[in-house]
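Below is one structure, written out as C-alpha cells; comments come after it.
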Amino acid sequence: MKTILIVPYRNRESHLHYFLENSFPKLKEVIPDLEIIVVEQTEGKKFNRGATINIGYHYYNRKDYDYITQDIDVNPIIKEAIDFYTKEVNDDFFLGIYSDGETLGGIVKFKGSTFQKVNGFPNDYWGWGHEDK
C-alpha cells in the first residue's frame with residue numbers, strides 16, 4: 001500500500017533542507033513506497049496548517065492510501081520514532097506522535113478513508129501554535 005507523507009511548509013528552508021537530506025532517506029528505507037509532498041503556503045496571510053494538509057491530501061485523493069502529516073521541524077532520529085511510521089493504522093483512527101494528546105500536530109498517521117469521513121482538517125485556523133486542535 002502506498003504511503004503519502006504530507007509536509008505543510010512555509011519559511012523554514014533550513015528545516016526543509018535538513019528533513020529532505022537526512023530524515024526522508026531514513027523513512028524511505030523502512031517504507032519503500034513512501035512519497036512526499038511538500039505543500040508550501042505563499043506569503044500574505046498567517047500560516048494555515050490545516051489548509052496545507054488538505055491540499056496535500058487532495059493532490060492524491062485516494063482513500064485506500066495511508067497518509068502521514070509531518071511537521072517540518074520534527075525529525076525521526078531514534079528507532080522508536082521511525083517504527084511509528086510503519087505502524088498499522090486502523091480506519092476511523094488517527095495515530096499521533098510528538099503531540100500533546102489534544103492536538104494533531106507533530107506527526108500524525110491515518111487512512112485516506114478516515115480523512116474523508118472527518119472532511120479533512122479545519123481550514124479556519126490561521127497562525128502558529130495549537131492550530132492543529
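The values are calculated or read from the model by the stated rules, or taken from the named source; none is laboratory data. The structure presented is a predicted model; accordingly, all values stated were derived computationally and were not measured. Cβ sites come from the backbone with ideal geometry, for glycine too, and all protein chains shown count toward neighbours. Side chains included, ligands, DNA and RNA excluded: accessible areas come from the protein's heavy atoms. Shrake-Rupley method; radii C 1.70, N 1.55, O 1.52, S 1.80 Å.
Looking at (1) open to solvent by less than 10 Å² (accessible area, probe 1.4 Å); (2) of a type in the set (S, T, N, Q); (3) free of Cβ contacts under 8 Å to residues at least 24 places away in the same chain, which is the only condition residue 69 fails?
The number of the failed condition is (3).
Does residue 8 fit the bill of being within 14 Å of residue 121 (Cα to Cα) and either touching a residue at least 40 places away in the same chain (Cβ under 8 Å) or touching a Ser or Thr at 6+ places or on another chain (Cβ under 9 Å) (or both)?
Values: within 14 Å of residue 121 (Cα to Cα): yes; either touching a residue at least 40 places away in the same chain (Cβ under 8 Å) or touching a Ser or Thr at 6+ places or on another chain (Cβ under 9 Å) (or both): yes.
Judged against the criteria, residue 8 is a match.
Looking at 36, 31, 55, which is the one that is free of Cβ contacts under 8 Å to residues at least 24 places away in the same chain and among the hydrophobic types (A, V, I, L, M, F, W, C)?
Values: 36 fails: free of Cβ contacts under 8 Å to residues at least 24 places away in the same chain; 31 fails: free of Cβ contacts under 8 Å to residues at least 24 places away in the same chain.
After ruling out the rest, the residue left standing is 55.
Those residues that are open to solvent by less than 100 Å² (accessible area, probe 1.4 Å) and assigned to a loop (DSSP other than H, G, I, E, B), I need them from segment 33-60; list them, please.
Selection gives 33, 41, 44, 47, 48.
Among the candidates 115, 93, 84, single out the residue that is surrounded by fewer than 13 Cβ atoms within 10 Å (Cβ to Cβ) and at pLDDT 85 or above. Break it down stepwise before answering.
Working: 115 fails: surrounded by fewer than 13 Cβ atoms within 10 Å (Cβ to Cβ); 84 fails: surrounded by fewer than 13 Cβ atoms within 10 Å (Cβ to Cβ).
Exactly one of 115, 93, 84 is surrounded by fewer than 13 Cβ atoms within 10 Å (Cβ to Cβ) and at pLDDT 85 or above, namely 93.
Being in a helix (DSSP H, G or I) and not small (Gly, Ala, Ser) is the filter; apply it to segment 61-91 and report the residue that is farthest from residue 112 (Cα to Cα).
Going through segment 61-91, the residues in a helix (DSSP H, G or I) turn out to be 79-86.
Those still in the list that are not small (Gly, Ala, Ser) too: 79-80, 82-86.
Values: 79: 26, 80: 24, 82: 21, 83: 20, 84: 18, 85: 15, 86: 16 Å.
Ranking the candidates gives 79 first.
Please specify each residue of segment 103-120 satisfying the condition of being closer than 23 Å to residue 83 by Cβ, of a type in the set (A, V, I, L, M, F, W, C) and not in a helix (DSSP H, G or I).
Filtering segment 103-120 for residues closer than 23 Å to residue 83 by Cβ gives 103-112, 114-115.
If we keep only those that are of a type in the set (A, V, I, L, M, F, W, C) too, we end up with 104, 107-108, 110, 115.
Of everything in segment 103-120, those that are closer than 23 Å to residue 83 by Cβ, of a type in the set (A, V, I, L, M, F, W, C) and not in a helix (DSSP H, G or I) turn out to be 104, 107, 108, 110.
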